[in-house]
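The values are calculated or read from the model by the stated rules, or taken from the named source; none is laboratory data. Bear in mind the structure is a predicted one, so any value in this text is a computation, not a measurement. When we count neighbours, we look across all protein chains shown, and the Cβ atoms used for this are built from the backbone with ideal geometry, even at glycine. SASA here: full protein model, heavy atoms, side chains in, ligands and nucleic acids out. Shrake-Rupley method; radii C 1.70, N 1.55, O 1.52, S 1.80 Å.
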Amino acid sequence: MHISQEKNREIYGIIAYQPGEVTITLPMNELTYQQEEVSAEGHFGNQQIQKETLTTSAVIMPMSLIRDWPPGSFDELEKHHFDQLLEHQPENILFGSGPTQRWPDPALLSTLAESGIGIEVMDTSAACRTYNILVSDQRHVAAALLLK
């Protein structure tokens, strides 16, 4: 599924999701392993953009990216996986729980709640779409995405 996003080349954005992978745009200052030209038929026109396809769990924020976020699946979630997001001080965390919506044990999220950080739980596809909406409103949000 392709996800439309306004062209903001200074932030991490999400342009596509399918089970097991998410494709993101990279800020202009980010060095990347690949640089691709999107065709005129693409929703970014014929501008050159940097993009990367992630195939492991990740946390995407407007100004930073955590590749290879440690929980590989829902069953591997631990409290410290969410606690590590505190240092980025997001307003909200969109937790994409995989192909279906699954709620983590509230004890895993307790530090976030105590710190006043909101968390929304949804399937990963919905978290990707919601991330782009909130980022376009200039919200400081984190999308913590499980891809398996």
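Worth pointing out:
- Top-ranked residue of region 104-148 - restricted to ones that are among the β-branched types (Val, Ile, Thr) and part of a helix (DSSP H, G or I), ranked as least open to solvent (accessible area, probe 1.4 Å): THR124
- GLU87 being modelled with pLDDT under 95, open to solvent by 80 Å² or more (accessible area, probe 1.4 Å) and not hydrophobic (A, V, I, L, M, F, W, C): yes
- Residues of region 69-80 that are of a type outside the set (Asp, Glu) and either open to solvent by 30 Å² or more (accessible area, probe 1.4 Å) or out of contact with any strand residue (DSSP E or B) (no Cβ under 8 Å at 6 or more places or on another chain) (or both): PRO70, PRO71, GLY72, SER73, PHE74, LEU77, LYS79, HIS80.
- PHE82 being assigned to a strand (DSSP E or B), touching a residue at least 12 places away in the same chain (Cβ under 8 Å), farther than 16 Å from ALA16 by Cα and among the aromatic types (Phe, Trp, Tyr): no
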